[in-house]
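Since every read-out is calculated from the coordinates, none of them should be taken as a lab result. The structure presented is a predicted model; accordingly, all values stated were derived computationally and were not measured. Cβ atoms come from the backbone with ideal geometry, glycine included; neighbour counts cover every protein chain shown.
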Amino acid sequence: MIRTRYGRTLGLAALALAVQAGAAAAQQLPPASQVVEKYVQAIGGRAAAERFQARHVVAEMSMPAMGMTMSMESWMARPNRSFSKMEMSGMAITSGFDGTTAWVNSPMSGPKILDGAEFKQALDNANFDNNVDFTKVFPTMETIGERTVAGAACWNVRMVSANGTEVQNCFDKTSGLLIGSIAKQHSQMGEVTADIVMSEYKEFDGLKLPTRMTMTMGPQQVVTTIKSVSHAPVADSVFALPPEIKALQH
């Protein structure tokens, strides 16, 4: 009986220590707001992030396993207008959001106006502050743990946008920079999970941006390499709906 009580006492003590250790570990997680603020400062500060009204990016996208390479250009303007064009072997895929209508046009499926989950995803992606000042895009944020991305320890922050889009962004513990992101992507082929690694940050007009992004979706890997970034004004005509999309509205 003495051994039983002694063993039970030790068991309860061990349980109490485990609970306390777990609580202590949870308390050590920094608030999401603190992690995001460190990121904003790491890329140049809030003033640098907010002073631009437009952005033009020239990039190259490759799928190493398939031996495919595409050129890509994207334009964005505050608050939430976007247009992008990908070209390969004479074929072009275009997509955009004019502040109201989200659309895509590809040789495979033709012109299409997005709705449902695809529209919500396009709306979030078109937000000019997306991946710059997360507090303006994601009203819900919480640090949920630690993760290792490309050999670097990072704070994993769960973020939920006003549209309900959820993403887990991981910020390097040392530099504060965003180095990893996991999110569900909606497309005509259904929902897939995209795991993105950001690296090779460079400064453009006082703002640090990643110039290499490696996205893994199932067996496929897509590598995006940024060639140039400009913050010069972009004409409104760039974001105008193309005739083939306008035709779908009638």
Choice from Met108, Met215, Met88 showing the highest fluctuation, given a GNM over the chain with Cα pairs closer than 10 Å: Met108
Highest-fluctuation residue, Ser89, Ser228, Ser71 considered, GNM on the chain with Cα pairs under 10 Å: Ser89
Three-way shape label, segment 106-250, alpha-carbon gyration tensor, a/c 1.5: prolate
FRET efficiency estimate (nearest 0.05) - Cβ-Cβ, Ser71 to Lys173, R0 51 angstrom: 0.90
Size of charge dipole - segment 132-250 - debye, nearest 20, with Cβ of Lys, Arg +1 and Asp, Glu -1, no other charges: 100 debye
Lysines whose Cα lies under 21 Å from that of Lys136, excluding same-chain neighbours fewer than 8 positions away: Lys38, Lys120, Lys184, Lys208
Segment 171-239: C-alpha gyration tensor shape, a/c 1.5 cut-off, then a/b vs b/c: oblate
Two-site FRET efficiency, Glu142 against Lys85, from Cβ-Cβ distance with R₀ of 45 Å, rounded to 0.05: 0.80
Ranked Phe52, Phe119, Phe171, criterion: other C-beta atoms within 10 Å, fewest first: Phe119, Phe52, Phe171
GNM flexibility winner over the chain from Thr148, Thr224, Thr214 (Cα, springs under 10 Å): Thr148
Of Ser175, Thr143, Met66, farthest towards positive along the dipole that unit charges on Lys, Arg, Asp, Glu beta carbons give segment 31-249: Ser175
Span per principal axis, largest first, for the Cα atoms of segment 80-158 (Å): 42, 30, 20
Potential extension, Glu200-Leu248 segment - 0.36 nm per residue separation minus Cα distance: 13.2 nm
Phi-based couplings in Hz for segment 166-177 (Karplus 6.51, -1.76, 1.60; Gly and Pro marked x): 10, 9, 10, 9, 10, 10, 3, 4, 7, 7, x, 6
Sequence-separation-based contact order of segment 31-249, relative, with Cα cut under 8 Å and 6+ spacing, percent: 23 percent
14 Å reach of a label modelled at Glu191, 7 Å along Cα-to-Cβ, counting backbone N of segment 121-142: 121
Ellipsoid semi-axes in whole angstrom, largest first, where each is sqrt(5λ) of the Cα gyration tensor of the chain: 41, 21, 18
Between helix 116-126 and the chain: long-axis angle, C-alpha atoms, 0 to 90°, nearest 10: 80 degrees
Per-residue ³J(HN,Hα) for segment 30-41, Karplus 6.51 cos²θ - 1.76 cosθ + 1.60, θ = phi - 60°, Hz, x for Gly and Pro: x, x, 4, 4, 5, 5, 5, 5, 5, 5, 4, 5
